[in-house]
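The structure under discussion appears below in the form of structure tokens.
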Amino acid sequence: MTKDKAKREIETLISNFHNKKIGEADTESKLIEPLMAILGWDIKSEDVSKREQLGQNFPDYTFKINGSR
């Protein structure tokens, strides 16, 4: 995907959520996950983990590049 196409898709995605009040689950499935896909991340791959413990923290997503966080 070209940078221009990605930019247009991100702008469209964000405009669909402008001034909307949605819950965390909807934000995740309808905004965050599509945004990650536009940016080239496969959320079902082993490079992306959901709610993995890092020390005493539990971030929503952990991304690995070349096997490292």
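Laid out as a table, the results:
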{"read-out": "In the stretch 21-66, residue nearest to E11 (Cα to Cα) [restricted to those that are outside any helix (DSSP H, G or I) and in contact (Cβ under 8 Å) with a residue 24 or more places away in the chain]", "value": "L39"}
{"read-out": "Top-ranked residue of the stretch 13-39 - restricted to ones that are more than 23 Å from S49 (Cα to Cα) and within 15 Å of the chain's Cα centre (by Cα), ranked as most open to solvent (accessible area, probe 1.4 Å)", "value": "I14"}
{"read-out": "Residues located in the stretch 40-49, provided they are of a type in the set (D, E) and surrounded by 14 or more Cβ atoms within 10 Å (Cβ to Cβ)", "value": "D47"}
{"read-out": "Boolean, I10 is open to solvent by less than 60 Å² (accessible area, probe 1.4 Å), assigned to a helix (DSSP H, G or I) and closer than 24 Å to P59 by Cβ", "value": "yes"}
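The values are calculated or read from the model by the stated rules, or taken from the named source; none is laboratory data. All of these numbers come straight from a predicted model, not from anything done at the bench. Methodologically, a virtual Cβ is constructed for each residue, glycine included, from the backbone with ideal geometry; neighbour enumeration extends over all protein chains shown. Accessible surface is based on the protein model in full, side chains and every heavy atom, while ligands, DNA and RNA are left aside. Shrake-Rupley method; radii C 1.70, N 1.55, O 1.52, S 1.80 Å.
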